[in-house]
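For reference, the structure is listed below as structure tokens.
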């Protein structure tokens, strides 16, 4: 059994913001696989599907980004997931828009949602898909930037990265993380 967590903030206000790229990838993946992410469980909206006979839970925490760990911990305890059975999808300031990085483990890089998950699960050994959103201009704070919408120039890069990220997710779930890393990094 696997758990795929897309990070973002709940509500229409945040729907197309940079910080919600994890939700967008998960929504794209769910749509392509005809899954509805709407069941409320452990402070998250969830959906499920089977890939190669393995149950996969898709989750969008509804706790707001900085408290994502509460929802993830609740799901991990409920379903008895091991950390290596989790895949987290989130935005990354240190990657240029449109770039994608898949990692087996590592630090949080200042991402408060990922930090919350690490603290709640007491581990950094969690596979993840990072989607680049780039750094804010000098006149803009990080919080203003991540809660803002993509520029017209960034939008096409982001749409492409959402498609590649959901395709990479499919490879991770159907094959393995190493295959996805070799193909999409």
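The values are calculated or read from the model by the stated rules, or taken from the named source; none is laboratory data. Treat the numbers as computed from the prediction; the structure is a model and nothing was measured. No Cβ is skipped: glycine too gets one built from the backbone with ideal geometry, and neighbour counts run over all protein chains shown.
Observations, loosely collected:
- Positions within the stretch 84-123 being in contact (Cβ under 8 Å) with a residue 12 or more places away in the chain, in a loop (DSSP other than H, G, I, E, B) and out of contact with any strand residue (DSSP E or B) (no Cβ under 9 Å at 6 or more places or on another chain), in sequence order: 107, 108, 110, 123
Every residue, every condition in (1) under 21 Å from residue 110 (Cα atoms); (2) in a loop (DSSP other than H, G, I, E, B), yes or no:
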| position | (1), (2) |
| --- | --- |
| 140 | yes, yes |
| 145 | yes, no |
| 156 | no, no |
| 161 | no, no |
| 169 | no, no |
| 173 | no, no |
| 178 | no, no |
| 181 | no, no |
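- Residue 34 meets each of the listed conditions (1) without any contact (Cβ under 8 Å) to a residue 24 or more places away in the chain; (2) within 25 Å of residue 146 (Cβ to Cβ) apart from (2).
- Check on residue 2, within 17 Å of the chain's Cα centre (by Cα), at negative phi and modelled with pLDDT under 95: no
- Number of the exception - residue 148 against (1) touching a residue at least 60 places away in the same chain (Cβ under 8 Å); (2) closer than 28 Å to residue 56 by Cβ: (2)
- Selection of the stretch 135-164 for residues being over 18 Å from residue 15 (Cα atoms) and touching a strand residue (DSSP E or B) at 6+ places or on another chain (Cβ under 9 Å) yields only 164.
- Inter-residue pairs, beta-carbon under 7 Å, first more than 26 Å from residue 174 (Cβ to Cβ) and in the stretch 44-70, second assigned to a strand (DSSP E or B) and at pLDDT 95 or above, 6+ apart: 62/44; 62/45
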